[in-house]
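Notes follow once the structure below has been shown.
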Amino acid sequence: MPMEKNFDAAEAEARLYAMWEAAGAFKAGANARPKPDGSPAEPFSIMLPPPNVTGTLHMGHAFNHTLMDILIRWHRMRGFDTLWQPGLDHAGIATQMVVERELALSQQPTRREMGRAAFVDKVWEWKAKSGGQIVEQDKRLGASMDWSRMAFTMSGAPGAPAGEEGNFHDAVIKVFVDLYNKGLIYRGKRLVNWDPHFETAISNLEVEQTEVNGHMWHFKYPLAGGESYEYVERDADGQVTLREVRDYIAIATTRPETMLGDGAVAVHPSDARYAPIVGKLCEIPVGPKHQRRLIPIITDEYPDPLFGSGAVKITGAHDFNDCDVAMRNGIPLFPLMDTKGAMRADAATDNMVPQKYRGLDRFDCRRAVVADITAEGLAVMIPNPAPMPEDDAGRVGFQPTIPYVEAKKIMQPFGDRSKVVIEPMLTDQWFVDTAKIVQPAIDAVRNGDTVILPEQHEKVYFHWLENIEPWCISRQLWWGHQIPVWYGPIKGGDTDTFEAFGLTVKVFCAADESQLIDQLKTYYGDEDFYFFADGESYRGFRDLGLSGELVFEPGEGVHIGRDPDVLDTWFSSGLWPIGTLGWPEQTPELKKYFPTSTLVTGFDIIFFWVARMMMMQLAVVGQVPFKTVYVHALVRDEKGKKMSKSLGNVLDPLDLIDEYGADAVRFTLTAMAAMGRDLKLSTQRIAGYRNFATKLWSASRFAEMNLVWEGYQPQAAPPAATQTVNRWIIGEAARVRAEVDAALEAYRFNDAASALYAFVWGKVCDWYVEFTKPLLADGASAGETRATIGWVLDQCMILLHPIMPFVTEELWGLTAPRAKLLIHADWPTYGADMIDSAADREMTWVIALIEEVRSARAQMHVPVGLKLPIVQVDLNASGRDAWTRNAALIQRLARIDSLTEGAAPKGSILIAVDGGTFALPLEGVIDIGAEKTRLSKTLEKLEKDMGGLRGRLNNPKFVAAAPEEVVEENRENLALGEAEAAKLKRALAQLAAA
RNA sequence: GGGCGCGUAGCUCAGCGGUAGAGCACUACGUUGACAUCGUAGUGGUCACAGGUUCGAUCCCUGUCGCGCCCACCA
């Protein structure tokens, strides 16, 4: 059946993908071949960065996955034992958010109404129904992952439905328990970033600092007992600029609502202005007068005397800096807010939050506080910067004062998911003591066990790890790995305890319930405890002699029973490399594929994920998780903006695949994957590469029409060709194969793409196909030429397959019966020995001659249909040889009808080639003026080039210092140029005579 | 405030010590038996600017000017 005129991507892609899957082509180890020495195939493994279970394929994934697929297909064809491990991340916050929204939309009970177990069931239901759409989308892209090994970061968790079995939960729990037992995980009451929308702690990486328009208010904190002091301000020279008696200390703040929790006012020890009042008390100027707290004025290095008033209110429970100051100085912390970021209404804070502010949202409270202070005259007043020439009462020259409020750009923390302002909150959380496990992760990159490419990212990696902070791993969510810790009362002397509400509580850490029971038995004996944990309530220890019932609230302390919190999603995805391979079981896959070969990822998750995988794998199994990390750039829109839904500039890869085909999308991303630079995607470019696929397709049709595929015998080795043209293209194939391998070896994906583009289009289609036309008509050489065309096109398909899998596989199947699918075809290894340098030289000469003639014809406006004779004016032996052997194709491609020898006839165009001169007699055809212009222009260019060469060669220092071959090359070029210039001049003289 | 990257043809980008490249766009010509998703030939560049190193700099160094990104607790 003859080939269709065009490749029908939409039809073929699904069919080909199904064929690969049915053939098990993606399975780990598929197409693995022993090495030439008989030893087992070398493993090559890549872990897919697990997309969120809520995710759909966006351009960043398409890029990321294309690069991985290229590496995987390339290695698979080279006979490596290849694994591309797919999977999904349970994505705690994101998923819980999606499911809660679903519940709201379908008017079902809320999360809290239905309770934890029921809600988690709902999430699993949702996952089964609509999670992981990205898998189907990846198939459209052509990603050749081993789907039979699909992993999930929550597999095997309690409550997981059938089909979600797996080791991941066990692995996560085991790691938590092990790290806890090694003292690398601890619980503590710390100030953490709190997301008031999701009501959970988040890590500092999940906080985005954004500049917003804010205000800084200046308020007076009156000194206790109406005391006053002399306030003196001096300039840099020590001259007094202000001297007045004050009965207050001025404070600047951007967050007046936190004043209620102030514990002190701090000034710098060297600040002479406040020296008279250090140690005295001042009053927080908010709330009913009789309830106002007095706080001390202290000194600390933290305040900057040049900023604001130089005095800082210290609110340890609501600011990270202040917390440090408070800790240093023994200042108490006063938590003011509840989990939603509203001012607390509960009894514990009675004396902190006055009645009128209780229950107010933090921002409403801010407005109220500002209004109240201002009304009371406790705002610092400044002259109105825009004085009125006349005031309301008609007073001329009156300059009113106004409350001192600076409009100010301030950095404000936002939750990266919730987009609400993050609140520093004092809560009990679990932390990984990263400082203790970070060093191996730093060393591994320093000593090259893991290589990060491009190199510049190593710096970023080092900087972050060297300044690493404790990692808060507990989240107040329900969807995730519940922390395997139970709390109970303690018998004296144990160290794993903490204080809460006057109770000393022991933390039990266990991988599962039976292990916990064992622990408790060791601890209390057989009779002393109850154990009861049904997934809903955890009251097992209530009767152990405690008085009262402890109620857990995030940030508020302790409960009896299992910790309700779950682990940060990144804690589990941090175990992705070993977890997907079956750890803690010592599976054969783990032995074979770990450490993995390459991680391909965007720089945006170096901290979130890459660094943590390094730390965790090293801490848990003592090995690096991957040998190479290839960090690629971001995909942006054509204007260079980051694609985002809110900007509406998102290009959907699936739309592009629909329109241009997956191969075109893949090739575009590959061609633009230059290291270290963001790529701006334009559909024009994709269309161009779609055309490229079409070009290859039509070259194959050309072959078909010329019976190349009739009885074609696919061979790995090139045919033993005798024709120069055939020998030449075989050499070119060898060249491009080497280029592609070298490029991929170095992760220079764009180099591989452009080498292939230049070969397939620029060499094979532009020249070789044309060269073969006369040969195919010639009985003697037609056979070998057909074989060569077939072989060369096979090489195109093979070498392009990693980047353009669909069109190449389709051609592979259409053109000849094949022993294997292309996806499993053997990647060539032939080398430079296939380059026939004589053929190479000859074809380069032929191409140059044809181009010269074409150029001359075009510029003289010789009609396309008009064939011309050519005159060989002078030509050296190799030129004559080349002409003789290629006369047919030169005449065809340059549209020449005959050759004569002799002097250039009058009114002819001179064609200079390496080793000689031709003339195109064009008397009566050419425009003499135009030809003069053409020759002068060529001469001018030549003279300019030669000027440079002469200058250099006349410089004795150049001749002395430059490498021999550079000097030699310059000499040769100058000689060639001079010969050519002489000819041009002669021709010009002739024209002038005519 | 630190750190990183980028300014090369009209556009999007490669390149990187030895005479400036690609694709797209543009211009002219073309119904040549693979391909108009095409062909042939062209136009188009002080490689941001200023110094320095070098026989030689788009490339290395320093500074300046523009852009972009990452990290950072200035109340």
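At R0 = 60 Å, how high is the FRET efficiency between A:Met381 and A:Val451 if r is their beta carbon distance? Nearest 0.05 is fine.
Numbers: r = 62 Å, r/R0 = 1.03.
That gives a FRET efficiency of 0.45.
For A:Ala777 and A:Asp655 in one chain, what is 0.36 nm times their gap in residues minus the Cα-Cα distance, to one decimal in nm? Intermediate values should be presented prior to the final figure.
Numbers: separation 122, 0.36 × 122 = 43.92 nm, distance 4.48 nm.
Difference between extended and current length: 39.4 nm.
Once phi is turned into ³J(HN,Hα) by the Karplus curve 6.51 cos²θ - 1.76 cosθ + 1.60 with θ = phi - 60°, what whole-Hz value does each residue of region A:448-462 show in order, with x for glycine and proline?
Computed from phi, the couplings for region A:448-462 are x, 4, 10, 9, 9, 10, x, 3, 4, 6, 4, 4, 4, 4, 4 Hz.
Only sites in a loop by DSSP and with at most 13 other Cβ atoms within 10 Å count here; which trypsin sites (Lys or Arg not before Pro) in region A:892-933 make the cut?
On the way: sites: A:Arg892, A:Arg895, A:Lys906, A:Lys932; in loops: A:Arg895, A:Lys906.
The qualifying sites are A:Lys906.
Taking H placed 1.01 Å from N in the peptide plane, check which residues at least 5 places from A:Leu48 or on another chain put their amide H under 5 Å from its amide H.
Answer set, sorted by chain and number: A:Gln85.
Show the residues, 5+ positions off or on another chain, whose built amide H is closer than 5 Å to the amide H of A:Thr299.
Correct list: A:Val267.
Distance between the C-alpha centers of region A:418-446 and region A:923-979? Whole Å please.
Each part reduced to its Cα centre gives a spacing of 65 Å.
Simple spin-label model, 7 Å along Cα-to-Cβ: A:Gln209 to A:Arg880 in nm?
8.0
Given a 1.4 angstrom probe, I'd like the percentage of the accessible area of chain A that is carbon and sulfur, rounded to a whole number.
Numbers: 22540 of 43520 Å².
Solvent-exposed carbon and sulfur of chain A make up 52 percent of the total.
So, in nm, how far is label A:Lys182 from label A:Glu4 when the simple model puts each one 7 Å beyond its Cα toward the Cβ?
A separation of 5.7 nm, rounded to one decimal place.
Can you check what the net charge comes to around A:Glu851, using other residues whose Cβ is under 12 Å from the Cβ of A:Glu851 (Lys, Arg +1; Asp, Glu -1)? The partial results should precede the final answer.
Details: positive: A:Arg854, A:Arg857; negative: A:Asp766, A:Glu852.
Overall, the nearby charge balance is 0.
Please list, in order along region A:596-606, the HN-Hα scalar couplings obtained from phi with the Karplus expression 6.51 cos²θ - 1.76 cosθ + 1.60 (θ = phi - 60°), rounded to whole Hz, x for Gly and Pro.
Computed from phi, the couplings for region A:596-606 are 6, 7, 9, 10, 10, 7, x, 5, 5, 10, 4 Hz.
For region A:872-940, state which GluC sites (Glu not before Pro) are in a DSSP loop and have at most 16 other beta carbons lying within 10 Å of their beta carbon.
Of the GluC sites (Glu not before Pro), the ones in loops of region A:872-940 whose Cβ has at most 16 other Cβ atoms within 10 Å are A:Glu923.
Given the -39500 (n - 2.57) contribution per DSSP H run of 4+ residues, what per-residue ellipticity at 222 nm results for chain A, rounded to the nearest 500 deg cm²/dmol? Kindly include the intermediate steps, with their values, before the conclusion.
Values: 29 runs with 390 residues, N = 994.
The per-residue figure over chain A is -12500 deg cm²/dmol.
Going by amide H atoms built from the backbone, whose H comes under 5 Å of the H on A:Ser474, apart from near neighbours?
Residues meeting the criterion, in which the H sits 1.01 Å from N, are A:Trp430, A:Asp568.
Can you give me the Cα centroid spacing of region A:237-280 and region A:838-868 in angstrom?
87
Take the Cβ-Cβ distance between A:Arg950 and A:Ala758 as r, set R0 to 56 Å, and report the resulting FRET efficiency rounded to the nearest 0.05. The partial results should precede the final answer.
Numbers: r = 33 Å, r/R0 = 0.59.
That gives a FRET efficiency of 0.95.
Please report, in debye to the nearest 20, how large the charge dipole of chain A is about its Cα centre when each Lys and Arg carries +1 at its beta carbon and each Asp and Glu carries -1 there. Walk me through the numbers before you get to the answer.
On the way: 103 positive and 133 negative charges, 465 e Å.
For chain A, the charge dipole is close to 2240 debye.
Can you tell me how much longer the chain between A:Phe320 and A:Leu306 gets when fully stretched, taken as 0.36 nm per residue apart minus their C-alpha distance, in nm with one decimal? Present the calculation step by step, with values, prior to reporting the outcome.
On the way: separation 14, 0.36 × 14 = 5.04 nm, distance 2.08 nm.
In short, 3.0 nm is gained.
What number comes out for accessible area per residue over chain A if the probe is 1.4 Å? Units Å², please.
Details: 43520 Å² over 994 residues.
That works out to 44 Å² for each residue.
Within chain A, what's the longest run with no chymotrypsin sites (Phe, Trp or Tyr not before Pro) in a DSSP loop and at most 14 other beta-carbon atoms within 10 Å? Give the range, please.
Numbers: sites that count: A:Phe307, A:Phe398, A:Phe501, A:Tyr530, A:Phe532.
It runs A:533-994.
Does region A:929-991 come out rounded, prolate or oblate by the C-alpha gyration tensor, with a ≥ b ≥ c the root eigenvalues, rounded set by a/c under 1.5 and, if not, prolate when a/b is larger than b/c and oblate if not?
Prolate.
Run through the DSSP bridge list for chain A and note the antiparallel percent, rounded to the nearest 5.
On the way: 80 of 108 bridges.
Around 75 percent antiparallel, to the nearest 5.
List the trypsin sites (Lys or Arg not before Pro) in region A:2-60 that DSSP assigns to loop (not H, G, I, E or B) and whose Cβ has at most 15 other Cβ atoms within 10 Å. Which are they? Present the calculation step by step, with values, prior to reporting the outcome.
Details: sites: A:Lys5, A:Arg15, A:Lys27; in loops: A:Lys5, A:Lys27.
Filter output for region A:2-60: A:Lys5.
Where nothing but the Cβ of Lys and Arg (+1) and of Asp and Glu (-1) is charged, how large is the charge dipole of region A:1-84 around its Cα centre, in debye to the nearest 20?
Working: 8 positive and 9 negative charges, 43 e Å.
Charge dipole, region A:1-84, about its Cα centre: 200 debye, nearest 20.
Let me know the shape class of region A:820-866, please: from the alpha-carbon gyration tensor, a ≥ b ≥ c as square roots of the eigenvalues, rounded when a/c is under 1.5, otherwise prolate if a/b is greater than b/c, or oblate.
Values: a/c = 5.97, a/b = 2.14, b/c = 2.78.
Oblate is the answer for region A:820-866, as a/c is 1.5 or above yet b/c matches or exceeds a/b.
Out of all DSSP beta bridges in region A:234-333, what portion is antiparallel? Express it as a percent rounded to 5.
Values: 8 of 11 bridges.
Expressed as a percentage, antiparallel bridges in region A:234-333 total about 75.
Using the alpha-carbon centroid of each, what span in Å lies between region A:28-92 and region A:776-805?
Answer, in whole Å: 30.
The values are calculated or read from the model by the stated rules, or taken from the named source; none is laboratory data. Being a predicted model, the structure only gives us computed values, none of them experimental. Note that each Cβ is placed from the backbone with ideal geometry, even for glycine, and that neighbours are counted across all protein chains shown. In case anyone asks, the SASA skips ligands and DNA or RNA and just uses the protein heavy atoms, side chains included. Shrake-Rupley method; radii C 1.70, N 1.55, O 1.52, S 1.80 Å.
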